[in-house]
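Chemist: Have a look at the structure that comes next, please.
Derivation of every value follows stated rules applied to the coordinates shown; laboratory data play no part. Since we're looking at a predicted model, the values are computed, not measured. Methodologically, a virtual Cβ is constructed for each residue, glycine included, from the backbone with ideal geometry; neighbour enumeration extends over all protein chains shown.
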There are 2 protein chains.
Amino acid sequence: MYPCSVTNTSYSSSDYPDFAVTVDLLVFSVINKTLRILLIQRDEDPFRYSWALPGGFVHEEENLESAAWRELAEETGIANKVGHLEQLRTYGDAGRDPRMRVVSVAYFAAEYDLPEPQGGGDAKYAEHVPIVEIPNKSIKLAFDHRKILTDAVERLRNKISYTPLATQFCPEEFTIAQLRSTYDIIWRDTEKYLAGAKEHDDLRGPASKPFELKSARPHSFQPVAAPVALHLVTQPLKSEAPLAEKTSLSYLMQNEETSYAKLDPGNFQRSVLQVDGFLEPTGKKSSPSTSGGRPAELFTVGNLDQLSPPIRPKKPSK
Amino acid sequence: MYPCSVTNTSYSSSDYPDFAVTVDLLVFSVINKTLRILLIQRDEDPFRYSWALPGGFVHEEENLESAAWRELAEETGIANKVGHLEQLRTYGDAGRDPRMRVVSVAYFAAEYDLPEPQGGGDAKYAEHVPIVEIPNKSIKLAFDHRKILTDAVERLRNKISYTPLATQFCPEEFTIAQLRSTYDIIWRDTEKYLAGAKEHDDLRGPASKPFELKSARPHSFQPVAAPVALHLVTQPLKSEAPLAEKTSLSYLMQNEETSYAKLDPGNFQRSVLQVDGFLEPTGKKSSPSTSGGRPAELFTVGNLDQLSPPIRPKKPSK
DNA sequence: AAAATAGTGTCTTTTAGACAATATGCG
DNA sequence: CGCATATTGTCTAAAAGACACTATTTT
């Protein structure tokens, strides 16, 4: 029942405890052939200098999803509710915030062509961090954000197989090869993240060790002084190197470009075209990149929400 | 970030609004060859005499999941955290409770062999309602509970295909035929519910029409005076008619037992045994039911959490 | 022409489904 | 035995996968 042992129409404050409610954002993107998550660096205790998911309090009279969109705009400069945003899960364990009782609703976003991360106005740094680096380099994440991130990575990995979610990491118009590359990258990086998370994740509670300043700053930052500038999200295709060489990890990804199970181009083509309503042809053709090759057809995503049959990762050759 | 434009270690109450946090329960069960959901009938405004999901406030210092287990025990008499309980989704729209701002975390439970529903102690009726009746007979659901139920039904339908969830509706030891019947019932009833929800669901907001007392009481009730009696959950197999003839709908189900796409016994057998670790043989055999037949092997569920390949519903013959 | 990428054809292997056949209990 | 249900076998159709081949561009 709703009102628990209450018989009058409105509650008195003694009947239930007060909670603070926040939204946390998991902003995924594929930049420079790497699956990334937007993290900010905290400049306040607790967890000062740790990384954390962006987020903030839900306002009074504000819907949860509205709050998530608002925070997304504030943190990424995305206007007008473009891209994909869905509720992931709610985290509300009693001890998860040392200061007070906070219930946090996590939202999951998949975005293309994000502008440079913006600090929220305060002295705060933000970065699109490659997810594969998070278990390895033992980046500290504040609160229970590591658990939240792992849940989100699992969800992402599952969801691209049976929904058109992967298209959200591509531009408005894209080629089948771009889409295939997105699948390759997400399957590769999520698999690696989850493998790393499994071993590295000693399942200690959220506030485990004292934060280490040194390891909390393994990347190069772009402190941004200006307040949130709303980059509008229209750029030409093949904007395939916005953050290149900026993070210290990009080169690493290149070196590790050893073999991982990529999808077969021919079979992938058939798979996606076979799902009726998944891809809508535009009639246009892409211009081949610098290295030449036949121009590819451009597609937009249809209005389907379930792919059947699903797009599956290639089995690891036994 | 967590603290939003707050620089000191603890928050002052002006920085964020207060919310009440509740858990709502979606207790599914398969009783008398029918998929059912536990609903209570409200005896207070708002939505007096409407049906609602059971639930209640989260206590201070209590984890969300603990609150859900506590409420489940209170509402169903289930002790000791048996069965399946997982978080579904959080509902927190600003206007969803007319009295105050309530954020409600919905939890999804799949239970076998539930005792008769117990009122929470107050004058409150509870019943395991067949889900197929909810759209048809236009049973009034309070708040946004119809939306929550529909989300849960979709989740249930999806989840039995790629997890061992369906086994949670069976006894500890079960035959493959029992499991197959569970799949048949869930696929049949969820399909029917969702079809009905699609048309009946004029997408008006939560508080649509005034509640009608007559249609809010289409079933026969079992008012239970005693406080929660903790039925322990061990009964022999084939307890296949606990609520028989009690609800006014049981016979309807029998009559409507016209053809729906049932799974092929032979192929189903192979499907489930093929998934390694799904079913664990016990060595024991069931005694054939009254109608005779070869005794079947008894199985328990393994400790797998993903079925691959998934168990799929039979395609409707085109 | 050579290289590179897009897209198609074809063959093989695997999986799913229909349905017959056999097994094992009961009255 | 005859009935009912469980379990296995067999054949067929559909899907998935490997990989060769054709197409269209750039240098």
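Chemist: Simple spin-label model, 7 Å along Cα-to-Cβ: residue A:94 to residue B:264 in nm?
Modeler: Here the modelled spin labels are 5.5 nm apart.
Chemist: Can you give me the distance in nm between label points at residue B:177 and residue A:136, each placed 7 Å from the Cα along the Cα-to-Cβ direction?
Modeler: Rounded to a tenth, the inter-label distance reads 5.6 nm.
Chemist: In what sequence do B:184, A:18 fall when counting other Cβ within 10 Å, fewest first? Working shown, then result.
Modeler: Values: B:184 18, A:18 15.
With the sparsest Cβ surroundings first, the list reads A:18, B:184.
Chemist: Same structure, new question: Suppose the chain between residue B:289 and residue B:79 were pulled fully straight at 0.36 nm per residue; how much longer would it get relative to their current alpha carbon spacing?
Modeler: Working: separation 210, 0.36 × 210 = 75.60 nm, distance 2.99 nm.
My answer for the length gained is 72.6 nm.
Chemist: Next up: Sort B:159, B:315 so the one with the fewest other Cβ atoms within 10 Å of its own Cβ comes first. Provide the component values of the computation, followed by the final result.
Modeler: Values: B:159 17, B:315 7.
Least to most surrounded, the residues fall as B:315, B:159.
Chemist: Tabulate in residue order the Karplus-calculated ³J(HN,Hα) for segment A:40-45, using 6.51 cos²θ - 1.76 cosθ + 1.60 with θ = phi - 60°, rounded to whole Hz; enter x for Gly and Pro.
Modeler: With coefficients 6.51, -1.76 and 1.60, one gets 10, 9, 6, 10, 9, 6 Hz.
Chemist: While we're on this one: Tell me, what is the FRET efficiency for residue A:305 and residue A:43 to the nearest 0.05, using R0 = 45 angstrom and their Cβ-Cβ distance as r? The partial results should precede the final answer.
Modeler: Numbers: r = 40 Å, r/R0 = 0.88.
My answer for the efficiency is 0.70.
Chemist: Just to confirm the filter: which trypsin sites (Lys or Arg not before Pro) across segment B:27-95 are DSSP coil and have at most 14 other Cβ within 10 angstrom of their Cβ?
Modeler: B:48, B:81
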